[in-house]
Every structure is written in C-alpha cells, then in structure tokens.
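Following: one structure in structure tokens, then a few remarks.
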Amino acid sequence: MTRRAQLMTTFLLAATALFAGLAGCSKPTTPLGANQPPVTRIFLSGPVDTVAYTVRMHWSGDDPDGDVRYFEIQFQPGDSPFIDADWDSTSRVDSVFALPIPHDVSTFTFWVRAVDNLGLRDPHPQSVVLHLRNRAPHVEFINLPHRTHGGDYHFLPVLTLQWVGTDPDGNRTIAQYHVWLDGPDGTTFDTLVTKADTVFTLRLENFGDVSTPKMRTVHVSVIDEANAIGDTATYTWLVDPYVVGSTRVLLVDEYNEGATLNNATPMDSLYRNAVSDFTGGRYTLYDVFDMSNFRFEKDADELLRHFDYVVWYDEGAGIPVNLGTAGSALQNLLDSGGRLFLSSLSVVGQDHVLSNEFHEHYLGVKETFCAIPQNCNYTLRRTQILLSGNPAHPTDSLAVPRGFATDTDFFIPSDSTQVQFYLPYADAGDDTTAPGYQKVDHVGAVTRFRPSGGRTTFVSFPLNKMTQFGNRDAVLRRMLEELGASPSRRYRAFAGR
C-alpha cells in the first residue's frame, strides 16, 4: 500500500482530557433484591448540527442501588445501529475527540454506557449522531529559487525548500507534511515530516541517477490531525549532473566580470582546461553566474561533502559572496581530509568574507599588508617578478607581461605555512615606505596542511594575468597536482628578514 493510501485509510482517534473524575455519586448498596443496572445520560456541548471535527462530549450516570464505577464508550462510522463491541473503558465524564474526517463532512455515532460497582452495564446505551466537518488544509512554497539572469532554474543535486501550511480550522491542527521527488525515472524519494519541519533539504542521495541533466519535480502536501489531505504544491527545475572520476573534483567558477551565459571567459578557459587535464575531463562544474549563489549554508554543506577536491576561483574585483556562504562547508571539507585550491583577490584584507580563524588555520594567512588605510590592495607592475618558493621548481617565477595587475592582497603567512610564490621585500616598491611597514617578503600564494590531512593552496594575486614567461598554465596544473600529492613534500618555509 502506498503512503498516500495509508494516509487516507488511517483511523485517528485522539482524546484529550479536560478534566477527570469518577461519575455518579456513592451511596450504600442494599442487600435485598437483584442488582439494578445503572442509567446513562449523554449531552453534546453545542448544537447537534454539523460541527467541527474536534468535538467535546459530556456524559454521566446513576445507579439506583450502588455506584457507577466507570463508563464504556465507542465511535461508530455513520448512523448504524448499536454494536456491542469495540468498547473503550474510561472513568472520565468529559473529553475532546478529534475524529478522522478526510473529506469535508462525515457522520459518526457516539455511544456510551455506565458500568456499576458489580460490573452490571446499562442495557440501554445512550448515543448521539454527529455530523462533523473538516476543511482541508493548504500548503504553498515560499522563497523558491530562481535564475538571476532569467530562464529555467538549474542547479546541482541539492536543494533546500521552504513552505508554509495553513488550515481553515486553525493552523495548530496541521499534523505533518508529505514530501516526494520524482522525475523521468519515477519517484526517488518519499517521506513524511512533522508540522514543525517547513524547511527541508533534498540531498544528493535523494535524487537517484544524477549522471545526466534531468528535469525533476518536488511535491509537498499537507495533512491535518483529522487525516484530511490538503492540496499539493509542486516545483520543477533542472538538476545538473554530478560527474566524478577517481578523484571527486568540483570546479567552482565565481568569476562574473564580463561573463555571459554559455560563453566562458579566458579565465574560465584557463581553469577548466587545467582541471580537465588534472581529472581526465571527469569533474563537476558549478558556474555561479549561470546557476546563482548558494541560497543556504546547508546547500553548500550538502554539496561539498560529496567531493574530495574543490577548485574555486574568482580573480575579479568583486567580493565573492558565495564563498562566504560556503565557509563552514569548506572548513568541514578540510577537516575531513579534503583539498581546496582557492584563487581570489577579495578574500583577505578589508573585504574579509571569511573569518580570521579560517584565514590563519585554513588558508595560511596571518595578516595582510595594508600600507594605505582601509586599502590592502597592491598593484603589481610589469617589472616585478613573483618568485617560486618551491625548491623543486625554482624557475617557476611569474610576472605580468604589460600594463598592471591590480587588487592583490599580499600577506604574511601563518607559522609552518609553505610558500608557493612571493615578491621579495626589496622589490616591493613605494608601498613599503609607509610608517610601521613590516620589512618582509610579500607572499601571494601558499600551501597549508591540516592535521586531518586536508590541505589548501591559496593564491591572492591574479594568476590569469601572469603570462610574461608563458608558463602560467603549467604552473597552475603543477599546483593542482601537488596539492593532491603526499603532505611530506616540502616547499620554502616562510621566514621574515
């Protein structure tokens, strides 16, 4: 039987005591003659007309020669004749009952009989026919995702949904929600959640086959405490493929400057070609410009936990807001032994989208150079060369061929962080003349290892512009490969002069 059918056939009988007590009054029992049966009375609070499915019933009883010790009650569907079965015993004389009314109006007969101190039952149980009404609840999605640039929304296989349920009989009567997901291959996920759960995240495991793009539809219906199933809200969107090779790699493109839909920028080509070489073309792409930002931190957590290696780049002047949303997810990735390659010009310094703890312990950044108050950005001139800090590749220096490369946040690394590229202090230029400026090398790329085995390579200069020596692409591929190598590999350790 399907869950929907089970919901439709479940018989609900919930009683809430408003007050309790023994019925009738106590009096002496005469030893003369046969024991007389008790007499039962029943009354309904309100008119005996169509009433709400939650109904308060009252009853009482007397015994001419003893005490009424308890009552027996039952509800029968419809107004059929009395059936001497299915009794429930109670000492209460007043209760509230919520009866199952899955469709509009239903009829029930309430029966009650008194039982005396010798176990004799009233031979004439009392009854009242009830016509009960239940109006169906309503549910609708709120804050649905949309594509910033128009068109059908699409995303990787994770989605957090929000909805709100209402009930004409009072919102407190909502009992639960039914959530299910289907697509071309049929239903892949089906569950019930409590009335308090109005924010729900679909996880990768809920989607079934995610190897190719597929349109998916999620449904949510609402059920009230009287078993009425309300309307169903639906949302349809495109789920992009989750592509993995022997190493599960996610490439995050957060560079939006000059981007157009379905048209990769030269920077996009740099990173996509390098990651394709690194993975043999087996990687998952998250293009933030095309798919929009993470809507919730839990979306980032759910997505990133399925990858071993995340390559994230944004070498533009804008603040990478999406990176800030994913901060805790990236921390979890690194604490569990994952790898992160991050190239961004607006992560440290005054922009500060990630915490100081993340900077120092996960990126390897202790502090930045801020020669000009409120401005940590440094301009690389074409005569300046970033030297390799890797003794295995001492000639892998980088430089801008012409013009200027702006918006670089040079920094002082955390202890034991291994330097990838640095600008010698002697070549740093006029910025170093500011009062109190620290006379140390200007580091722009490092690798940081975590006790868990996780590791990060962080680049704070515009790698895509460093083409003077024609080795930029090879340097990027080398850093990606070395990030996945054994942590026993050693680079030039940072030391101030």
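Throughout, read-outs are computed from the coordinates displayed, never taken from laboratory work. A quick note: this is a predicted structure, and the numbers were derived from the prediction, not measured. With ideal geometry, Cβ positions are generated from the backbone for all residues, glycine too; neighbour counts draw on all protein chains shown.
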Whole-Å semi-axes of the ellipsoid equivalent to the range 99-196 (Cα gyration tensor, √5λ, descending): 48, 16, 12
Using θ = phi - 60° and Karplus 6.51 cos²θ - 1.76 cosθ + 1.60, couplings along the range 157-172 (whole Hz; Gly, Pro as x): x, 7, 7, 9, 10, 10, 8, 9, x, 9, 9, x, 8, x, 5, 5
Residues of type lysines that Lys195 reaches as a straight line, Cα spacing below 28 Å, ignoring anything fewer than 8 places off in the same chain: Lys298
Ranked Ser343, Ser414, criterion: other C-beta atoms within 10 Å, fewest first: Ser414, Ser343
Neighbour-count ranking [beta-carbon atoms within 10 angstrom, fewest first] of Ser397, Ser346, Ser91: Ser91, Ser397, Ser346
In the range 244-334, GluC sites (Glu not before Pro) in a DSSP loop with at most 15 other beta-carbon atoms within 10 Å: Glu257
Nonlocal amide H pairs with Glu367, under 5 Å, H built at 1.01 Å: Ile412
5 angstrom amide H check on Val443, placed H, neighbours 5+ away: Phe411, Leu423
In order through the range 335-348: 3J(HN,Hα) via Karplus (6.51 cos²θ - 1.76 cosθ + 1.60), integer Hz, x for Gly, Pro: 5, 9, x, x, 10, 9, 10, 10, 10, 7, 9, 9, 10, 10
R0 of 35 Å, Cβ-Cβ distance Asn273-Ser452: FRET efficiency to nearest 0.05: 0.70
